[in-house]
Each structure stands twice: as structure tokens, then as C-alpha cells.
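**Student:** Let me begin by handing over the structure; questions about it come next.
The values are calculated or read from the model by the stated rules, or taken from the named source; none is laboratory data. These numbers were taken from a predicted model, which means no experiment stands behind them. No Cβ is skipped: glycine too gets one built from the backbone with ideal geometry, and neighbour counts run over all protein chains shown. Protein only, heavy atoms only, side chains kept; ligands, DNA and RNA dropped before computing areas. Shrake-Rupley method; radii C 1.70, N 1.55, O 1.52, S 1.80 Å.
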Amino acid sequence: MVKTRLAQSLPVEAVTELYCCLLDDTMALARSLGTVEVVIMCPASDVDELNRLARGAVAVVAQKGEGLAAGLTSVFARFAAPARQGVIAFNSDSPHLPAAVLRSAFEALTDHDVVIGPTNDGGYYLVGAKAAHPTLFYGDGMGTESALEALLARARELQLSVGFTEPFYDIDEQGDLARLAAELRLAPARAPRTAVWLKQWGRTVAQLPTGTDGP
């Protein structure tokens, strides 16, 4: 059920282990900020499994409803609404994201209602807010090439000011994984568990086509 596009080129067992490595390193990245509370939000049906994978490192909370839009809506309703505190939601497979990007996202909320981290494929890897906006993610086409455009359109409708972090890439397709492998060969400490997995599957990953889009 995870990384289905990569499962077209790699054994399902390998892709599942990759996801666990990405999740582990992403949790470590979030916790490295030190002054923030880190929580995993997921569908209620996945809470037990995510608790097992998190091994007590972070709390796991069930979202209301199904799908990514419901998950994001739940994040801000639960954590931003009560105290109008800054909340940053980002995906579970971004161990390569510089910690400075997460810090800049929190800083952007000082002057903006919403902050967005765009991806090179028309989506976004991060979104933050300091209040709940229940309709912000409705019909945003998440998981499509128009996700970012739809989110920005909805923000304009709600008259929300938007700040941005730098464009980045997430790990969805073969080229993304090949690119990550090249980066972690030079700096494995950025995502140590994922780097170990990539060593085990290095020959296969090296044969995957590498994308050529943006930073």
C-alpha cells in the first residue's frame, strides 16, 4: 500500500522496507528541531501499525475521515486551532529535506497565514498554518500535478496570505529515488537508515532513470 509507483520496479518487500527507513529518518529530521512537538497523523486504521513503526519516538494520532485532504484538515483542526500556534505538516518520506527548510517554514508563519513548500512536479511537500481553515484542502487534487495550483486558488478564495519555502522533491518515482541515492552517497548522515537501504539495493537503484527537474 506504500510507494506503489516504486513497486513497479522493485520487490514489494524492498519498497516496504524503504518506506520504514524513510519514515524513521524523517522522524529524526523533525525531532532534530528540538523545540517542536512531533506527531504522526494517519487514518485510524493505521494507528497501531504506525505506533509499532514509531517505537514510542513520537505520538501517533488518528485523523478524522479518509484521504490526504482529511488528514491535513485534521492536523490543523487539532493542533493549530486551540492556541493559534504555528503547525507545519509535511510528508513521511522527506529525510533529505534540510532542517533549515522546516525552520524557515515556521518563520514564514510570522508574516503569513499559510506557508507552502512546492515540489517540482506541481504538488507540495509541506504546508503550514497557525489556524484551522476547514475548507482549505477541499477538492485540492492532492496527488496530482495540479495540487499546488488548486491549493493556491483555495487560499486566494479564503483571502489567506501565502509564504513559500524553497522548491524541493519528494520520493515518489524511480528518478526521485535515484537522485536521493546519489545525494546520500555523498552525505549518508542526512538519512542514515535510508542510506543503508540504498547500499543494499544500490545496483538496482543505480539502473533507475534519474529525473532532470529542478533542485
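**Student:** Could you check Phe164 against (1) among the aromatic types (Phe, Trp, Tyr); (2) surrounded by fewer than 20 Cβ atoms within 10 Å (Cβ to Cβ); (3) within 24 Å of Ile40 (Cβ to Cβ) and say which number it fails?
**Tutor:** The number of the failed condition is (3).
**Student:** Residues in the stretch 129-142: is at least one touching a Phe, Trp or Tyr at 6+ places or on another chain (Cβ under 8 Å), closer than 26 Å to Met27 by Cβ and without any contact (Cβ under 8 Å) to a residue 40 or more places away in the chain?
**Tutor:** There is no residue in the stretch 129-142 that is touching a Phe, Trp or Tyr at 6+ places or on another chain (Cβ under 8 Å), closer than 26 Å to Met27 by Cβ and without any contact (Cβ under 8 Å) to a residue 40 or more places away in the chain.
**Student:** So if I check each of Thr16, Thr26, which one is touching a residue at least 12 places away in the same chain (Cβ under 8 Å), touching a strand residue (DSSP E or B) at 6+ places or on another chain (Cβ under 9 Å) and closer than 27 Å to Gly175 by Cα?
**Tutor:** Of the residues listed, the single one that is touching a residue at least 12 places away in the same chain (Cβ under 8 Å), touching a strand residue (DSSP E or B) at 6+ places or on another chain (Cβ under 9 Å) and closer than 27 Å to Gly175 by Cα is Thr26.
**Student:** Sticking with this one: Does Ser45 satisfy the criteria of being over 18 Å from Ala195 (Cβ atoms), assigned to a helix (DSSP H, G or I) and under 16 Å from the mean Cα position of the chain (by Cα)?
**Tutor:** Taking the combined requirement at face value, the residue does not satisfy it.
**Student:** Are any residues in the stretch 37-61 in contact with a Leu (Cβ under 8 Å, 6 or more places away or on another chain) and more than 21 Å from Ala189 (Cα to Cα), and if so, which ones?
**Tutor:** Ile40, Cys42, Val60
**Student:** Let me ask something else about it. In the set Ala28, Ala57, which member is open to solvent by 30 Å² or more (accessible area, probe 1.4 Å), farther than 26 Å from Phe137 by Cα, touching a helix residue (DSSP H, G or I) at 6+ places or on another chain (Cβ under 9 Å) and part of a helix (DSSP H, G or I)?
**Tutor:** Ala28
Here is a yes/no grid of residues against (1) of a type in the set (Gly, Ala, Ser); (2) surrounded by 21 or more Cβ atoms within 10 Å (Cβ to Cβ):
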| position | (1), (2) |
| --- | --- |
| Asp93 | no, yes |
| Thr110 | no, no |
| Thr119 | no, yes |
| Gly123 | yes, yes |
| Leu136 | no, yes |
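**Student:** Being under 16 Å from the mean Cα position of the chain (by Cα) and at pLDDT 95 or above is the filter here; which residues of the stretch 137-165 pass it?
**Tutor:** Across the stretch 137-165, the qualifying residues are Phe164, Thr165.
**Student:** Would you pick out the residues in the stretch 60-91 that are basic (Lys, Arg) and either under 16 Å from the mean Cα position of the chain (by Cα) or crowded, with 16+ Cβ neighbours inside 10 Å (or both)?
**Tutor:** Across the stretch 60-91, the qualifying residue is only Arg78.
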